[in-house]
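Asks: Attaching a single structure in structure tokens format; questions to follow.
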Amino acid sequence: MDKSNSKFPLWPQWDKEDVDIVTGVIKSGKWWAGSPANHCGEHFWEFQKEFAEFCEVKHAFAVTNGTHALEIALQALDIGLGNEVIVPDMTFFASASCVVSVNAVPIFAEIDRETFNIDDKKIETLITERTKAIITVHLGGMPAHMGRICEIAKKHDLFVIEDSAHAQGSRYMGKRMGTWGDIGTFSFQASKVLTSGEGGAVITNNDDLAHKIYSIIDCGRKEGKRSYDHFTYGSNYRLSELCCALLRSQLKKFPKQHAQRNRNAQYLRKRLNEIEGIMCQKREKHVQECANYVFPFVFEPDKFGNISKQQFYDYLNNNGIPTDDTYPPLHGLKCFKNIKLRKGIDYSSANWGGKKSDDVNFPVTSEVSSRLIELPQELLLSDQSQLDYVVETIKNLQQSFIS
Ligand SMILES: *Cc1c(COP(=O)(O)O)cnc(C)c1O
């Protein structure tokens, strides 16, 4: 829907501080980070420090986007030809395309009915001798069961990558998301809760991995070495100085927005769950903070006159309530169903492709997805009366089928 006339807050949000810091970069003439031996722009290096502090992690790298962040993580862990990586079936394309990018094979795991995250109880059935890693996603910022997932990984000697594109600021059992696994990745794309339009980050507590990541991002260079010394294969994934400047000023505003989203999400969850036939994404007691990138809930059609998901969406939009589209399950995407992927790679061991991609083989994800509605994060920056309006609007919809 067109959100420009919405009574609800818009996203992104910016003020004079954002304009000033970006203008400052332009006027300084220092438009790029510089190579390791001669740091040029300050914001790139400072943002990396500040983001590491924010994530409570040793190393953070600012990169071009969240898709690249995942590709870098897989490269740093030497995942490639002949390997399989387990990925939740309901996430953005990048969580799986990164695996394809390194010539490995993604294997799709069903999601949990209540949290909508990867179902840790189904992971072990997908592990083979080719499995090298598990990618977890914290859908809408809601932490996956990282304790159990890390245990499974340890038992089978697998790496864990946390695609934390939705989870800036999420915290579970005392730890920030992105710090549970070997490597965490983030996106700062325009819709995300911390954004510079495009951008991403890679974090790790492992010093050896940090050195590898550095070289992958910066043309195979090494910290402190000369610019034209290239030690390994690497590419250029450095984030622009302009984006890093903007991220620094956005990060200052983040805690207040984050607190408001958490408060409002708890309120909205409580009120929506009171409606028969609405079940909001479960927030377990171990979740201390949730980024709330989206606010997902499922509806039971038979409590709403058996309307379709599209009709539910249209009704909300027609009443001025902004929504986000949900991700179609990965297993059914044309590229996987028709195996239009990398040349020369054998995808026959995959649990998708052709008939294997049929919804019957992914019953839980398919079923949840068909009844899933998502509200965008900026709706949670509203005041309580606007949240009450959302609740009343949904109650009215239900009422219209009863009377
Ligand atoms: C947004 C997103 C990404 C990719 O981020 P980009 O910065 O858009 O490349 C990866 N994973 C998930 C789950 C995302 O939502």
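The values are calculated or read from the model by the stated rules, or taken from the named source; none is laboratory data. This one's a predicted model, so the numbers in the text were calculated from it and none came from an experiment. In this analysis, Cβ positions are derived from the backbone assuming ideal geometry, glycine residues included, and neighbour counts consider all displayed protein chains.
Asks: Here's a check for you: in segment 124-149, which residue that is of a type in the set (A, V, I, L, M, F, W, C) and more than 26 Å from Phe188 (Cα to Cα) is farthest from the ligand (Cβ to nearest atom)?
Replies: Filtering first and then ranking leaves Ile127.
Asks: A follow-up question, please. Within segment 346-362, how many residues are out of contact with any Asp or Glu (no Cβ under 8 Å at 6 or more places or on another chain) and surrounded by fewer than 14 Cβ atoms within 10 Å (Cβ to Cβ)?
Replies: Counting residues in segment 346-362 that are out of contact with any Asp or Glu (no Cβ under 8 Å at 6 or more places or on another chain) and surrounded by fewer than 14 Cβ atoms within 10 Å (Cβ to Cβ) gives 6.
Asks: Anything in segment 37-56 that is part of a loop (DSSP other than H, G, I, E, B) and either crowded, with 19+ Cβ neighbours inside 10 Å or of a type in the set (Asp, Glu) (or both)? List them, or say none.
Replies: Gly41, Glu56
Asks: Say we look at segment 75-102 and pick out the residues that are closer than 20 Å to Ile149 by Cα and more than 13 Å from the ligand (Cβ to nearest atom); which of these is surrounded by the fewest Cβ atoms within 10 Å (Cβ to Cβ)?
Replies: Filtering first and then ranking leaves Asn83.
Asks: Report whether or not Lys222 is surrounded by fewer than 24 Cβ atoms within 10 Å (Cβ to Cβ), modelled with pLDDT under 95 and on the phi < 0 side of the Ramachandran plot. Steps first, please.
Replies: On the way: surrounded by fewer than 24 Cβ atoms within 10 Å (Cβ to Cβ): yes; modelled with pLDDT under 95: yes; on the phi < 0 side of the Ramachandran plot: yes.
Judged against the criteria, Lys222 is a match.
Asks: Just name the residue that is nearest to the ligand (Cβ to nearest atom) out of those in segment 105-123 that are in a loop (DSSP other than H, G, I, E, B) and touching a Lys or Arg at 6+ places or on another chain (Cβ under 7 Å).
Replies: Across segment 105-123, the extreme among qualifying residues is Thr115.
Asks: Could you say whether any residue in segment 295-309 is over 20 Å from Thr365 (Cβ atoms), surrounded by 14 or more Cβ atoms within 10 Å (Cβ to Cβ), at pLDDT 95 or above and under 23 Å from the mean Cα position of the chain (by Cα)?
Replies: So the first thing to find is which residues in segment 295-309 are over 20 Å from Thr365 (Cβ atoms), and the list is 302-307.
Filter again for surrounded by 14 or more Cβ atoms within 10 Å (Cβ to Cβ), leaving 303-304, 307.
Applying the additional criterion that residues be at pLDDT 95 or above yields 303-304, 307.
Next cut, under 23 Å from the mean Cα position of the chain (by Cα) only: none.
There is no residue in segment 295-309 that is over 20 Å from Thr365 (Cβ atoms), surrounded by 14 or more Cβ atoms within 10 Å (Cβ to Cβ), at pLDDT 95 or above and under 23 Å from the mean Cα position of the chain (by Cα).
Asks: Of the residues Tyr233, Tyr214, Tyr228, which single one is more than 16 Å from the ligand (Cβ to nearest atom), of a type in the set (Ser, Thr, Tyr) and assigned to a helix (DSSP H, G or I)?
Replies: Going through Tyr233, Tyr214, Tyr228 in turn, just one is more than 16 Å from the ligand (Cβ to nearest atom), of a type in the set (Ser, Thr, Tyr) and assigned to a helix (DSSP H, G or I): Tyr214.
Asks: Is there a residue being assigned to a helix (DSSP H, G or I) and surrounded by fewer than 24 Cβ atoms within 10 Å (Cβ to Cβ) anywhere in segment 174-194? Talk me through it step by step, then tell me what you get.
Replies: Just the residues of segment 174-194 that are assigned to a helix (DSSP H, G or I), to begin with: none.
The answer is no, given that none of the residues of segment 174-194 is assigned to a helix (DSSP H, G or I) and surrounded by fewer than 24 Cβ atoms within 10 Å (Cβ to Cβ).
Asks: Moving on. Pairs needed: first member in segment 185-202, under 11 Å from His166 (Cα atoms); second member anywhere, near the ligand (Cβ under 7 Å from one of its atoms) and among the hydroxyl-bearing types (Ser, Thr, Tyr); C-beta distance under 8 Å; at least 6 residues apart or different chains.
Replies: Ser187/Thr67
Asks: Can you find even one residue in segment 328-339 that is assigned to a strand (DSSP E or B) and under 26 Å from Leu194 (Cα atoms)?
Replies: No, segment 328-339 contains no residue that is assigned to a strand (DSSP E or B) and under 26 Å from Leu194 (Cα atoms).
Asks: While we're here: Any idea which of (1) assigned to a loop (DSSP other than H, G, I, E, B); (2) under 21 Å from Arg371 (Cα atoms); (3) without any contact (Cβ under 8 Å) to a residue 40 or more places away in the chain is the one Asp302 doesn't satisfy?
Replies: Of the numbered conditions (1) assigned to a loop (DSSP other than H, G, I, E, B); (2) under 21 Å from Arg371 (Cα atoms); (3) without any contact (Cβ under 8 Å) to a residue 40 or more places away in the chain, the odd one out for Asp302 is (1).
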